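Engineer: My questions all concern the structure below.
The values are calculated or read from the model by the stated rules, or taken from the named source; none is laboratory data. It should be emphasised that the depicted structure is a prediction, and the values quoted were computed from it without experimental measurement. All Cβ positions, even for glycine, are placed from backbone atoms using ideal geometry, and neighbour counts span all protein chains on display. Side chains included, ligands, DNA and RNA excluded: accessible areas come from the protein's heavy atoms. Shrake-Rupley method; radii C 1.70, N 1.55, O 1.52, S 1.80 Å.
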Amino acid sequence: MTEEILKRFGIAPESAERLAEQAADFGSNRPAQAHRVVVTDQYDGAVEALVQFRDGGTVYRLDMLSDHSARPRTWTVRPMQADALDEFVRIVAQHIPPNWPVWIPTWKFPTEAILRSVTDQTQSIMDRVGEPCGTISSTDPYGFKSYTYSRTVPQAV
């Protein structure tokens, strides 16, 4: 029955799965705060981050849209590969121990060669993102303890 409905409305099964994941992460029964956050760039809060709102849930890349002084701040939400956060952590944790639920790696490494290697590997992970699926606004620019999700996708200028 579900497959018939999806076909009738022209929705691919993988799109339906993605919508179900987003409903779990951002719907009325969403978690009160993010499960794991890695802040990859910051200025008085996250400018760019990898976020997983539920244990085992979708990993998202957040990119700040608003000015760093704005409260609440707003970020573009883009889904990533399921293993993106774990892969990022595996690479960086060899040199900087993680601290959960919010990890802000100091990005200091023993040698310039290690810095370049880690930066190249993690940038490759950060570049593998899907199309924006909405925005998040929060007054907690590090831990996303409370947030508002909008499916509105910002248009490129």
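Engineer: For region 30-107, how big is the tail of P(r) above 14 Å, as a whole percent of Cα pairs?
Structural biologist: Here the long-distance tail beyond 14 Å is 62 percent of all Cα pairs in region 30-107.
Engineer: Let me ask something additional. Can you send over the solvent-accessible area of D120, 1.4 Å probe, protein chains only, in Å² to the nearest 10?
Structural biologist: Only protein atoms counted, so the area is about 110 Å².
Engineer: Rolling a 1.4 angstrom probe over the protein chains, ignoring ligands and nucleic acids, what is the accessible area of W100 in square angstrom, nearest 10?
Structural biologist: Probe radius 1.4 Å; accessible area of W100 about 90 Å².
Engineer: Further question on the same structure: Could you put R151, R128, R73 in order of accessible surface area, largest first, with the 1.4 Å probe and the full protein assembly present?
Structural biologist: R151, R128, R73
Engineer: Something else now. So what is the relative contact order for region 70-143, in percent, with contacts set as C-alpha pairs under 8 Å and at least six apart?
Structural biologist: 63
Engineer: What order do E112, E48 take when sorted by accessible area (1.4 Å probe), most exposed first?
Structural biologist: E112, E48
Engineer: Taking only the alpha carbons of region 47-157, what extent do you get along each of the three principal axes, in Å, biggest first?
Structural biologist: 41, 32, 26
Engineer: To the nearest 10 square angstrom, what accessible area does S146 show with a 1.4 Å probe?
Structural biologist: Near enough 70 Å² of accessible area.
Engineer: Can you pull a Stokes-Einstein diffusion coefficient for region 75-118 at 20 °C (1.002 mPa s), Rh from Kirkwood over Cα pairs, as a whole number of µm²/s?
Structural biologist: My calculation gives 180 µm²/s for D.
Engineer: Given a Förster distance of 25 Å, report the FRET efficiency between S150 and Y43 from their Cβ-Cβ distance, rounded to the nearest 0.05.
Structural biologist: That pair, S150 with Y43, gives E of 0.60.
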